[in-house]
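Here the structure comes first, spelled out in structure tokens, and everything after it is commentary.
The values are calculated or read from the model by the stated rules, or taken from the named source; none is laboratory data. Since we're looking at a predicted model, the values are computed, not measured. Cβ placement follows ideal geometry from the backbone for every residue including glycine, while neighbour counts extend to all protein chains displayed.
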Amino acid sequence: MAGKVLIRKLSRRSEFEKLVEIQRVVWKHPDLDLTPVHQFCISSFMGGLVLGAFVDGELAGFVYSFPAIFQGRFCHHSHLLAVLPQYQGYGLGKRLKWAQRREVLKLGLDLITWTYDPMQSRNANLNLHTLGAFCRHYLADFYGETPALRLGPGIPTDRLLLEWPITSVRVENRLRGRKHDPLNPEEWPRVLQGFTDAEGNYLPGKPELRAREKILLAETLRDVRAFQSRPEIIASWQSNLRRVFAHYFKKGYAAVDFVFGEKCYYVLEKISRNFLKDRR
């Protein structure tokens, strides 16, 4: 992407009107499911953040968060992140998140949360691997009967709730580009793994719910969009991932990283109270 990039706060109604159109283009949602102009207006006035990414003066994307309380702790909850298709693939989403972190730090807060669909592997890679967020809360069918948020007919709107501890060493190292030791998928047991059936369908195997190793791997689809014509396959992967996450989160594990390759894996790790202090 050639062009000068500027990220700044948005505060004018005319700018918020452009965010509605960006939502339409990126997600193709009906108007009922779009965040409206008046929500951006009051949120930005009452402590929320609306940051826009401009490329050569043109608004290319935005991130939106608002003040929240999570488990008795003040934080910001990041609700929307969108980049227009012609600007995707150039790291604008990542730059918007780091800019969001800087602004939330100015507010004296040390935590940002957000949700995302666990079947979206590219989002998982950005959230867990690139930004250093982690997850220990699975929200089954969280948004309910909202067709625009489903991956297909009858597929529940499951979400992972991420915690991004923005003052931690873990996140500081991601910001500074300090590489952490790469994880070799061959070294750790898989608690969910796919297989190809006789008809050529790639399906999830039976979850392994008896593992006790410190690190576990759960496979997911690399590109869920490739299966949009087969919602039953998406639903099968989703339900098995749900079983894995729900079981191991209760056992003290968290999703702490993501392996994005020809095959994709969530990295689950048994964490301690000192997880954020010890983690490099």
task: Select, from 162, 203, 183, the only residue that is assigned to a strand (DSSP E or B) and under 21 Å from the mean Cα position of the chain (by Cα).
output: 162
- line: Matching residues in the range 46-81 (more than 17 Å from residue 104 (Cβ to Cβ), surrounded by fewer than 22 Cβ atoms within 10 Å (Cβ to Cβ) and among the hydrophobic types (A, V, I, L, M, F, W, C)) number 3
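Every residue, every condition in (1) part of a helix (DSSP H, G or I); (2) within 22 Å of residue 171 (Cβ to Cβ), yes or no:
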position	(1), (2)
43	yes, no
59	no, no
63	no, yes
66	no, yes
104	yes, yes
115	no, yes
task: State all residues of the range 220-235 that are part of a helix (DSSP H, G or I), surrounded by fewer than 15 Cβ atoms within 10 Å (Cβ to Cβ) and modelled with pLDDT of 95 or more; if no residue qualifies, say none.
output: 232
message: Only one of 268, 276, 192, 241 is at pLDDT below 95 and of a type in the set (A, V, I, L, M, F, W, C). Can you tell me which?
response: 276
message: Test of understanding: among 43, 78, 11, which residue is touching a strand residue (DSSP E or B) at 6+ places or on another chain (Cβ under 9 Å), of a type in the set (Ser, Thr, Tyr) and modelled with pLDDT under 95?
response: 11
